[in-house]
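Visitor: Would you mind keeping the following structure in view while I ask a few things?
The values are calculated or read from the model by the stated rules, or taken from the named source; none is laboratory data. What you are looking at is a predicted structure, and each value in this text was computed from that prediction instead of being measured. With ideal geometry, Cβ positions are generated from the backbone for all residues, glycine too; neighbour counts draw on all protein chains shown. Surface accessibility is based on the protein's heavy atoms, side chains included, excluding ligands, DNA and RNA. Shrake-Rupley method; radii C 1.70, N 1.55, O 1.52, S 1.80 Å.
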Amino acid sequence: MIRALRLTNSFRLLLISLLFFIITGCGFSGPAPQQSTTIGNPTASDILASDPSANIIVYQDIVYQTGIQWVDELELTKGELVLEILKYSRVGDEFANGTASGLPVGTKIYGVKERGDIVIAETDQGDIRFYALVEG
């Protein structure tokens, strides 16, 4: 009977030691660090960093980009003059309203009657459509 009691106490001691080892060995390190993501419209810097040859303009603080196939396939009617390109740049941080990366200064930009997220640049080579890059 005494031997069975010692075995039980030894088993209890072993069990407590194992639990202590598991608890301290798998210590709680606190909540996992959260990754921050910026939600919002892409900037000229964002676009030019991923594609340095991108043809973009900034109008009403929104970046517009050309070369989007489905936009080029739409039947659209050119509306009123909304902007004239004031500055040419390939440096994203220099962009403000009226800045372009692929159009010369003085290029006229027109709204579109059918949609508010597309503008048309009138150039010597023909009209170029730009689509607003907005989040959501």
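Visitor: Which of the peptides 81-93, 119-131 is most tightly packed, and how do the rest follow, judged by the mean count of other Cβ atoms within 10 Å per residue?
Guide: Descending mean neighbour count gives 119-131, 81-93.
Visitor: In addition: Can you tell me the accessible area per residue over the stretch 51-136, all protein chains present, probe 1.4 angstrom, in square angstrom?
Guide: Ligands and nucleic acids excluded, the result is 56 Å² per residue.
Visitor: Follow-up. Return an integer: the convex hull volume of the alpha-carbon atoms of the stretch 49-136, in Å³ per residue.
Guide: 104
Visitor: Starting from the Cα-Cα distance between Glu73 and Tyr88, subtract it from 0.36 nm times their residue separation and give me the gain in nm to one decimal.
Guide: 2.7 nm
Visitor: Follow-up. Thr123 label point, 7 Å along Cα→Cβ, cut-off 16 Å on backbone N: hits in the stretch 46-61?
Guide: 52-58
Visitor: At a 10 angstrom cut-off on C-beta neighbours, averaged per residue, how do the peptides 39-45, 101-107 rank from highest to lowest?
Guide: My ranking of the peptides, most packed first, is 101-107, 39-45.
Visitor: Need one number: nm distance between label points at Asp61 and Glu80, each 7 Å from Cα along Cα→Cβ, rounded to one decimal.
Guide: 2.1
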